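K.L.:
Just dropping this structure here.
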Amino acid sequence: DETYNEECSACHFAYQPGLLPEASWRKLLAPKALARHFGENAELDEKDRKHILALAIENSADKSRYKRSKKIMASLEENEAPLRISKTPYLRDKHEEVYEKVVKDSKKIKSMSLCNECHKKAEHGIFDDDTVEIPDYGRWTW
């Protein structure tokens, strides 16, 4: 979606909505939350905010048939609504080893929230292991 990509990628990787449940997107895209979005003002005009929220809800992890969305939802407690994708139990567990061995000491990877730094096809929703290229490390072998 052009509006979603333009507004959300202005500051960070435009995460696919299927990486969080609807309740998370509702919290993240609330007007007050956008005014202090992880320390930044990410306010949107109301038309764009409603459009992006509708898109996020329609494609959220709890509504998606995408395998990764199902795994994310299975890892969450009932009514859990994390505000960070990197804090979902599934993704935290999936990245624990790579974080301990490579990321925590990396000068190039500034945050685990920058999926596209290592997942070279993340913008297309592809996070498969064979598309991982870690800066200053190379291909990750699981």
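The values are calculated or read from the model by the stated rules, or taken from the named source; none is laboratory data. Because the structure is predicted, anything quoted here is derived from the model rather than measured. Counting neighbours? That spans all protein chains shown, and the Cβs are built from the backbone with ideal geometry, glycine included. To get the accessible areas, we keep the full protein, side chains included, count just its heavy atoms, and leave off ligands, DNA and RNA. Shrake-Rupley method; radii C 1.70, N 1.55, O 1.52, S 1.80 Å.
K.L.:
Can you name every residue in the stretch 121-132 that is farther than 19 Å from Tyr90 by Cα and surrounded by fewer than 13 Cβ atoms within 10 Å (Cβ to Cβ)?
P.N.:
Of everything in the stretch 121-132, just one residue is farther than 19 Å from Tyr90 by Cα and surrounded by fewer than 13 Cβ atoms within 10 Å (Cβ to Cβ), namely His124.
K.L.:
Just give me the residues in the stretch 24-48 being in a helix (DSSP H, G or I), farther than 22 Å from Ser111 by Cα and open to solvent by 50 Å² or more (accessible area, probe 1.4 Å), in sequence order. Break it down into steps so the answer makes sense when it comes.
P.N.:
Within the stretch 24-48, the first condition is being in a helix (DSSP H, G or I), and the residues that meet it are 24-28, 31-35, 46-48.
When the remaining residues are screened for being farther than 22 Å from Ser111 by Cα, the result is 26, 31-32, 46-48.
Scanning the stretch 24-48 gives Arg26, Pro31, Lys32, Glu46, Lys47.
K.L.:
Then there is this: For Glu77, all conditions in the list (1) closer than 30 Å to Val132 by Cα; (2) within 17 Å of the chain's Cα centre (by Cα) hold save one; what is the number of the exception?
P.N.:
(2)
K.L.:
I'd like to verify a number: residues in the stretch 49-77 that are open to solvent by 30 Å² or more (accessible area, probe 1.4 Å), within 22 Å of Ser111 (Cβ to Cβ) and not in a helix (DSSP H, G or I), how many?
P.N.:
So the count comes out to 0.
K.L.:
Which pairs have Cβ atoms under 7 Å, sit 6 or more apart or on different chains, and link a residue in the stretch 1-18 that is closer than 12 Å to Leu55 by Cα and in contact (Cβ under 8 Å) with a residue 40 or more places away in the chain to one that is in a loop (DSSP other than H, G, I, E, B) and open to solvent by 60 Å² or more (accessible area, probe 1.4 Å)?
P.N.:
Pro17/Asn59; Gly18/Asn59; Gly18/Tyr66
K.L.:
I need a count of the residues in the stretch 93-138 that are free of Cβ contacts under 8 Å to residues at least 24 places away in the same chain, in a loop (DSSP other than H, G, I, E, B) and either among the basic types (Lys, Arg) or at positive phi (or both).
P.N.:
3
K.L.:
Return yes when Tyr90 is aromatic (Phe, Trp, Tyr), part of a loop (DSSP other than H, G, I, E, B) and surrounded by 17 or more Cβ atoms within 10 Å (Cβ to Cβ) and no when it is not. If you could, list the steps in order and put the result at the bottom.
P.N.:
Numbers: aromatic (Phe, Trp, Tyr): yes; part of a loop (DSSP other than H, G, I, E, B): no; surrounded by 17 or more Cβ atoms within 10 Å (Cβ to Cβ): yes.
Judged against the criteria, Tyr90 is not a match.
K.L.:
Return the only residue of Glu100, Glu96, Glu80 being open to solvent by less than 80 Å² (accessible area, probe 1.4 Å) and not basic (Lys, Arg). Let's see the steps before the verdict.
P.N.:
On the way: Glu100 fails: open to solvent by less than 80 Å² (accessible area, probe 1.4 Å); Glu96 fails: open to solvent by less than 80 Å² (accessible area, probe 1.4 Å).
Being open to solvent by less than 80 Å² (accessible area, probe 1.4 Å) and not basic (Lys, Arg) holds for just one of Glu100, Glu96, Glu80, which is Glu80.
K.L.:
Within the stretch 39-47, identify whether any single residue is within 15 Å of Phe127 (Cβ to Cβ), of a type in the set (Asp, Glu) and at pLDDT below 95, and answer yes or no. Can you show your working first?
P.N.:
Of all residues in the stretch 39-47, those within 15 Å of Phe127 (Cβ to Cβ) come to none.
No, the stretch 39-47 contains no residue that is within 15 Å of Phe127 (Cβ to Cβ), of a type in the set (Asp, Glu) and at pLDDT below 95.
K.L.:
Right, next: Which count do you get for residues in the stretch 103-116 that are open to solvent by 40 Å² or more (accessible area, probe 1.4 Å), touching a helix residue (DSSP H, G or I) at 6+ places or on another chain (Cβ under 7 Å) and among the polar types (S, T, N, Q)?
P.N.:
1
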